[in-house]
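The values are calculated or read from the model by the stated rules, or taken from the named source; none is laboratory data. Since the model is a prediction, treat every value here as computed from it, not as a measurement. No Cβ is skipped: glycine too gets one built from the backbone with ideal geometry, and neighbour counts run over all protein chains shown. These area figures cover heavy atoms from the full protein model, side chains too; ligands, DNA and RNA do not enter into them. Shrake-Rupley method; radii C 1.70, N 1.55, O 1.52, S 1.80 Å.
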Amino acid sequence: ERKMAQPTGRSFMQVLCEKYSPENFPYRRGPGMGVHVPATPQGTPMKDRLNLPSVLVLNSCGITCAGDEKEIAAFCAHVSELDLSDNKLEDWHEVSKIVSNVPQLEFLNLSSNPLNLSVLERTCAGSFSGVRKLVLNNSKASWETVHTILQELPDLEELFLCLNDYETVSCPSICCHSLKLLHITDNNLQDWTEIRKLGVMFPSLDTLVLANNHLNAIEEPNDSLARLFPNLRSISLHKSGLHSWEDIDKLNSFPKLEEVRLLGIPLLQPYTTEERRKLVIARLPSVSKLNGSVVTDGEREDSERFFIRYHVDVPQEEVPFRYHELITKYGKLEPLAEVDLRPQSSAKVEVHFNDQVEEISIRLDQTVAELKKQLKTLVQLPTSNMRLYYFDHEAPFGPEEMKYSSRALHSFGIRDGDKIYVESKTK
């Protein structure tokens with residue numbers, strides 16, 4: 001009989017008790033039953049035994065409403081993080097009843113709840129005024145709702161608005177100075193006129209994640225960009241629609257920008273992986289992290305030299321401005337010669353012994369023991385009394401002893417002009 005009845009959904013409190021203490025708290029349906037909290041012999045209620053973590057994860061539990069607010073207050077006094085994503089909450093008042101009884105709450109995830117079905121009133125939003133991180137992905141939250149939240153959450157630092165079908169951005173009457181991080185990926189924000197509003201709304205923004213938005217260009221004068229995003233340190237334009245190098249150059253106008261993600265943009269499709277990374281690094285002199293990987297000083301220099309060589313044969317009128325800047329730094333570089341990287345089969349080395357120097361040619365496919373035999377007559381020592389040191393003229397560590405008689409010479413990377421020192425062990 002009961003199977004035929006429509007499920008009325010479940011309350012936050014019911015799910016909490018089922019998840020965190022099924023045996024202690026038989027949750028009985030029916031009016032006035034609520035949580036059954038028998039007194040223990042000492043007279044303390046069972047809730048002292050309920051070991052609730054400070055991070056509650058109650059996603060995908062079919063929650064539609066709050067349940068008894070006094071019970072929420074009793075159990076959740078110490079809770080700081082609450083994940084209610086993918087439930088069936090459609091009324092902001094029910095969210096408010098839960099959250100207003102969780103005084104320590106700093107992180108709230110309401111993603112994938114149909115909250116667009118109700119209006120968020122200011123008094124309601126005021127109940128989560130202490131929240132610092134709020135996740136509203138795939139909640140289809142309207143801009144009006146977002147504005148109310150921004151007005152009522154003075155400490156909000158991180159806001160997630162992904163997958164909300166936004167095609168435009170609407171600015172509130174006052175800007176929000178607390179927000180440092182905004183994830184607004186997988187929407188449909190194609191025009192820079194919309195993105196620039198985010199700079200107006202959030203002047204303290206440190207991290208802006210715009211992945212999967214098909215943004216087609218950054219259309220803004222450089223001085224104005226610096227004023228719009230004065231504190232932006234990291235931006236993700238992953239899978240955006242950028243298709244011109246001018247857009248990449250524009251990123252240099254953000255005064256504090258250090259980290260950029262630019263994978264999967266139309267501009268870079270025609271280039272090889274190596275060209276993509278090096279040409280982008282060379283154009284962004286202040287960026288220290290690209291696509292999640294640190295840009296070392298060595299990689300930057302390689303990339304800048306690569307950039308110069310890459311543009312050597314480009315007609316003068318098409319040469320990017322950055323080319324001239326880099327020429328003043330490095331001078332004009334010739335295209336790289338084709339280098340034969342096959343291992344050499346022999347090398348001309350200098351053999352140093354008893355204050356003498358002989359230049360000889362040695363085969364590199366032999367072992368250290370065989371080399372000692374070759375040197376025996378030259379240095380007038382028995383092989384058993386011979387100690388060899390290899391000195392690569394580019395090595396930072398000085399001579400390397402050739403200890404192991406079975407080691408192949410080519411494994412030392414010996415090249416023409418290197419030196420081998422021979423000493424007597426019994427010296």
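Overview of results
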{"item": "Accessible area (Å², 1.4 Å probe, nearest 10) - Thr383", "result": "50"}
{"item": "Residues of type lysines that Lys140 reaches as a straight line, Cα spacing below 16 Å, ignoring anything fewer than 8 places off in the same chain", "result": "Lys88"}
{"item": "Distance histogram for segment 346-424 (every C-alpha pair counted, 5 angstrom bins, percent rounded to whole numbers)", "result": "3, 16, 30, 30, 16, 3, 0"}
{"item": "Estimated vicinal HN-Hα couplings, Hz - segment 304-317 in sequence order (Karplus 6.51, -1.76, 1.60; Gly, Pro = x)", "result": "5, 5, 4, 4, 4, 4, 4, 9, 4, 9, 6, x, 3, 6"}
{"item": "Isotropically averaged projected area of segment 261-370, using the convex hull of Cα atoms (one quarter of hull area), nm²", "result": "12.3"}
{"item": "Within-14-Å neighbourhood charge of Gly398 [Cβ basis; K, R +1; D, E -1]", "result": "-4"}
{"item": "Most mobile listed residue (Leu257, Leu284, Leu326) in the chain, GNM with C-alpha springs under 10 Å", "result": "Leu326"}
{"item": "Within segment 346-387: backbone nitrogen closer than 11 Å to the His410 label point (7 Å, Cα to C-beta)", "result": "346, 364-366"}
{"item": "Heavy atoms of Phe306: accessible area, 1.4 Å probe, square angstrom to 10", "result": "50"}
{"item": "Residue among Leu150, Asn113, Leu263 farthest towards the positive dipole end of the chain, charges placed on Cβ", "result": "Asn113"}
{"item": "Under Karplus coefficients 6.51, -1.76 and 1.60, residue-wise ³J(HN,Hα) of segment 274-286 in Hz, glycine/proline x", "result": "5, 4, 3, 5, 5, 5, 6, 4, 5, 7, 10, x, 9"}
{"item": "Spin-label model distance (nm) - Asp165 vs Gln190, 7 Å beyond Cα toward Cβ", "result": "1.7"}
{"item": "Cut-off 14 Å between beta-carbons: net charge of the residues surrounding Glu350, Lys and Arg +1, Asp and Glu -1", "result": "-3"}
{"item": "Only Lys, Arg (+1) and Asp, Glu (-1) charged, at Cβ; the chain dipole about Cα centre in debye", "result": "1340"}
{"item": "Alpha-carbon radius of gyration plus Dmax, which is the widest Cα pair, for the chain in Å", "result": "34.3, 106"}
{"item": "Under Karplus coefficients 6.51, -1.76 and 1.60, residue-wise ³J(HN,Hα) of segment 366-382 in Hz, glycine/proline x", "result": "9, 8, 4, 4, 5, 5, 4, 4, 4, 8, 3, 6, 5, 9, 6, 9, x"}
{"item": "Theoretical ellipticity at 222 nm over the chain - DSSP helices of four or more residues, -39500 (n - 2.57) apiece, nearest 500", "result": "-7000 deg cm²/dmol"}
{"item": "Length added when fully stretched, Leu263-Val312, from 0.36 nm per residue minus Cα-Cα", "result": "15.0 nm"}
{"item": "Candidates Leu189, Leu52, Leu232: whichever shows maximal mean-square fluctuation once the chain is modelled as a Gaussian network with Cα springs under 10 Å", "result": "Leu52"}
{"item": "Most fluctuating residue given options Ile218, Ile414, Ile149, as computed from a GNM of the chain linking Cα atoms under 10 Å", "result": "Ile414"}
{"item": "Share, in percent, of DSSP beta bridges within the chain that are antiparallel, nearest 5", "result": "40"}
{"item": "By accessible area with a 1.4 Å probe, ligands and nucleic acids excluded, highest first: order of Arg277, Arg261", "result": "Arg261, Arg277"}
{"item": "Estimated dipole of segment 346-424 in Debye, rounded to 20 [Cβ of Lys and Arg +1, of Asp and Glu -1, Cα centre]", "result": "360"}
{"item": "Cα centroid separation, segment 230-271 to segment 307-332 (Å)", "result": "21"}
{"item": "Translational diffusion coefficient (Stokes-Einstein; Kirkwood radius from C-alpha pairs) of segment 149-257 at 37 °C, 0.692 mPa s, in µm²/s", "result": "236"}
{"item": "Exposure of Asp297 as accessible area (Å², to 10), given a probe of 1.4 Å and all protein chains", "result": "130"}
